[in-house]
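Let me begin by presenting the structure, written as structure tokens, before commenting on it.
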Amino acid sequence: MYQTHKTYTLEEALSKLQRYCAYQDRCHQEVEQKLKQMRMIPETIEIIMVALIEDSHLNEERFAKAFVRGKFNIKKWGKVRLTLELKQRQLSKYMIKTALLEIDPNDYLQTFHALAEKKAATLTETDPWKKKKKLADYLLYRGWESHLVYDKVNVLVN
């Protein structure tokens, strides 16, 4: 017994992808991947991608800005992590730079200090070296710049 895969006409696929993009901003890579999962041929993928861009369902700049705002405000990611995540989604350097401008520099530093202080307060480690390492690892994993992290760790943990 074998599985049959649903096949889509150009109109059906376009309609499905319009809903997919309307639900949440997507990058080109995600949409292309979705079309490949739907077993669309390369020529059709190109036609659908162009149609989505032309009717503004697919806009990489809008996606990048929304992604940066969301991950910064909700997950408290730093610029290093945000940059890496956007590069993984194959966005251009210009687009990444533009998206990172969405973060207010004062909010950025305030968020960093609040996050570092909150995490430092929850660490139960008694050895100061281990506590410094745990705090630094946590902040670096979240994508905060190393010079900020090490300065803050040295201030918070003695």
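Rule-based calculations on the coordinates, nothing more; no lab input. Given the structure is predicted, the values throughout are model-derived calculations rather than measurements. Cβ atoms come from the backbone with ideal geometry, glycine included; neighbour counts cover every protein chain shown.
Looking across region 84-102, the residues that are touching an Asp or Glu at 6+ places or on another chain (Cβ under 9 Å) and part of a helix (DSSP H, G or I) come down to MET95, THR98, ALA99. Could you tell me whether any residue of region 103-118 is farther than 30 Å from LYS132 by Cβ, free of Cβ contacts under 8 Å to residues at least 60 places away in the same chain and in a helix (DSSP H, G or I)? Taking every residue of region 103-118 in turn, none turns out to be farther than 30 Å from LYS132 by Cβ, free of Cβ contacts under 8 Å to residues at least 60 places away in the same chain and in a helix (DSSP H, G or I). Test of understanding: among ASP104, ASP55, which residue is closer than 30 Å to HIS147 by Cα, of a type in the set (Asp, Glu) and more than 13 Å from the chain's Cα centre (by Cα)? The unique qualifying residue is ASP104.
Scanning region 38-61 for residues that are farther than 23 Å from LYS87 by Cβ and either of a type in the set (Asp, Glu) or out of contact with any Lys or Arg (no Cβ under 8 Å at 6 or more places or on another chain) (or both) yields a count of 15.
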